[in-house]
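What follows is a short report on a single structure.
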Amino acid sequence: MGRSQPVPPGPAPRPPVQRLRVRFAKRGRLRFASHRDVARAIERAARRTGLPVAFSAGFTPHPKISYAGAAATGVASEAEYFEIGLTSRCAPGEVGERLDAALPAGLDVIDVAEAGGGSLADDLQVSEWRVTLPGQPQEAVAAACREFMATAWVEVERRTAKGIRRVDARAAVIALELDRRAVDSVTGGCAILRMVVQHMTPAVRPDDVLAALRQVAGLAPPSPPLVTRLAQGPLGAAASGFDEPGAAGSAAAGDGAAHSGAATGGAPAPARWARAERRDQNAGSAASDGGAGPASADD
């Protein structure tokens with residue numbers, strides 16, 4: 001007969017009765033925090049607030065907090081997500097306020113909602129990005145975007161811990177445009193790109209798109225770009241932009257909760273981008289605290 005598996009002493013952990021989906025921002029110097037560091041900060045905040053977090057069974061229980069689609073180290077974001085399981089029901093707005101107060105400045109809770117039936121990863125299918133390119137004339141950037149979008153296939157190389165990986169940067173890009181609200185001047189100014197990128201395997205990231213622009217059109221900013229994720233959500237919500245992905249009803253926590261994001265298919269919508277202008281300006285001023293760093297690729 002087979003030997004029975006050992007059972008941890010004590011009562012079994014209580015099952016979760018509520019799943020909440022939390023949207024948060026990664027701003028300023030905190031954009032240089034790795035995903036592991038962010039996860040640790042969130043777990044510490046959950047403990048400090050005394051939330052009834054559900055735990056896994058076994059000899060080394062872990063809090064039932066799941067993540068998906070995390071931005072790379074060095075990238076700012078207005079749309080990071082995690083789900084947390086609770087053993088007793090709590091008001092989403094109260095959870096958001098308590099977590100926001102316990103998290104370090106730069107990790108800011110924007111919205112908390114009851115999680116719907118689908119998984120978090122299934123609901124996060126596209127991202128909208130803003131990329132600030134210092135010292136680049138707008139017309140050159142606009143021409144590079146048109147040339148890239150007219151290309152069927154652009155293979156770029158990315159260095160990872162497992163060696164060189166090649167990826168078709170064009171396949172995942174749904175939309176790429178110059179944001180005409182950017183400032184240009186005789187001193188160099190800057191150009192701002194907006195791109196909508198589908199989540200694929202292998203992942204295509206903004207730095208892959210920038211490498212493709214360099215390859216296709218010779219676009220090479222003199223200093224590192226500042227990359228910010230503005231939104232992420234399901235594919236196919238191009239007409240009106242997406243709300244909190246998979247949310248069954250949300251409760252805002254903080255000033256950034258007014259509008260969650262981006263159109264996720266077809267051409268970018270200038271009206272939608274105008275609606276996000278105030279949020280972008282606030283995020284941009286916060287991100288400037290740490291200087292413009294490169295968008296590294298965590299694999």
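The values are calculated or read from the model by the stated rules, or taken from the named source; none is laboratory data. For clarity, every value in this text was computed on a predicted model and none was experimentally measured. When we count neighbours, we look across all protein chains shown, and the Cβ atoms used for this are built from the backbone with ideal geometry, even at glycine.
Okay, residues lined up against (1) more than 20 Å from Ala113 (Cα to Cα); (2) modelled with pLDDT under 90:
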site: Pro11; (1), (2): yes, yes
site: Arg31; (1), (2): yes, no
site: Asp37; (1), (2): yes, no
site: Ile42; (1), (2): no, no
site: Pro52; (1), (2): no, no
site: Ala57; (1), (2): yes, yes
site: Thr60; (1), (2): yes, yes
site: Ser66; (1), (2): no, no
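Can you tell me which of Ala212, Ala144, Ala169 is over 20 Å from Ala76 (Cβ atoms), out of contact with any strand residue (DSSP E or B) (no Cβ under 6 Å at 6 or more places or on another chain) and outside the structural domain of Ala76 (by TED's automatic domain parsing)?
Numbers: Ala212 fails: out of contact with any strand residue (DSSP E or B) (no Cβ under 6 Å at 6 or more places or on another chain); Ala169 fails: out of contact with any strand residue (DSSP E or B) (no Cβ under 6 Å at 6 or more places or on another chain).
Just one listed residue meets the conditions, Ala144.
Taking Ala152 as meeting all but one of (1) closer than 27 Å to Lys26 by Cα; (2) at pLDDT 90 or above, write down the number of the exception.
For Ala152, the exception is condition (1).
State the number of residues belonging to segment 204-224 that are assigned to a loop (DSSP other than H, G, I, E, B) and surrounded by 19 or more Cβ atoms within 10 Å (Cβ to Cβ).
So the first thing to find is which residues in segment 204-224 are assigned to a loop (DSSP other than H, G, I, E, B), and the list is 204-205, 218-224.
Subset that is surrounded by 19 or more Cβ atoms within 10 Å (Cβ to Cβ): 204-205, 219, 221.
Total meeting the criteria: 4.
Can you tell me which residues in segment 76-89 are surrounded by 19 or more Cβ atoms within 10 Å (Cβ to Cβ) and over 17 Å from the mean Cα position of the chain (by Cα)?
Ile84, Gly85, Leu86
Go through (1) closer than 29 Å to Gln125 by Cβ; (2) surrounded by 15 or more Cβ atoms within 10 Å (Cβ to Cβ) for Pro13 and report which single condition fails.
(1)
Considering only segment 49-64, I want to know if a residue exists there that is of a type in the set (Val, Ile, Thr) and within 21 Å of the chain's Cα centre (by Cα). Step through it out loud before you land on a result.
If we filter segment 49-64 for residues that are of a type in the set (Val, Ile, Thr), which is where we start, we get 49, 53, 60.
Next, from what is left, pick out any that are within 21 Å of the chain's Cα centre (by Cα): none.
No, there is no match, as no residue in segment 49-64 is of a type in the set (Val, Ile, Thr) and within 21 Å of the chain's Cα centre (by Cα).
Residues that are basic (Lys, Arg) and in a strand (DSSP E or B): does segment 171-193 have at least one? Break it down stepwise before answering.
Let us first name the residues in segment 171-193 that are basic (Lys, Arg), namely 180-181.
Of the ones still in play, those that are also in a strand (DSSP E or B) are none.
No, there is no match, as no residue in segment 171-193 is basic (Lys, Arg) and in a strand (DSSP E or B).
So, Ala115, is that one surrounded by 15 or more Cβ atoms within 10 Å (Cβ to Cβ), under 25 Å from Gly28 (Cβ atoms) and touching a residue at least 60 places away in the same chain (Cβ under 8 Å) or not? Don't jump to the end; show me each part of the working.
Working: surrounded by 15 or more Cβ atoms within 10 Å (Cβ to Cβ): yes; under 25 Å from Gly28 (Cβ atoms): no; touching a residue at least 60 places away in the same chain (Cβ under 8 Å): yes.
Against the criterion (surrounded by 15 or more Cβ atoms within 10 Å (Cβ to Cβ), under 25 Å from Gly28 (Cβ atoms) and touching a residue at least 60 places away in the same chain (Cβ under 8 Å)), Ala115 does not qualify.
For segment 118-145, which positions are surrounded by fewer than 16 Cβ atoms within 10 Å (Cβ to Cβ) and either touching a helix residue (DSSP H, G or I) at 6+ places or on another chain (Cβ under 9 Å) or at pLDDT 95 or above (or both)?
Correct list: Ala140, Ala143.
So if I check each of Ala41, Ala68, Ala33, which one is surrounded by 18 or more Cβ atoms within 10 Å (Cβ to Cβ) and over 18 Å from Ala12 (Cα atoms)? Don't jump to the end; show me each part of the working.
On the way: Ala41 fails: surrounded by 18 or more Cβ atoms within 10 Å (Cβ to Cβ); Ala68 fails: surrounded by 18 or more Cβ atoms within 10 Å (Cβ to Cβ).
Of Ala41, Ala68, Ala33, the one residue that is surrounded by 18 or more Cβ atoms within 10 Å (Cβ to Cβ) and over 18 Å from Ala12 (Cα atoms) is Ala33.
Restricting to segment 173-199, give me the number of residues that are of a type in the set (D, E, K, R) and at pLDDT below 75.
We begin by selecting, within segment 173-199, every residue of a type in the set (D, E, K, R); these are 177, 179-181, 184, 194.
Now narrow it down to the ones that are at pLDDT below 75: 181, 184.
Of the residues in segment 173-199, 2 are of a type in the set (D, E, K, R) and at pLDDT below 75.
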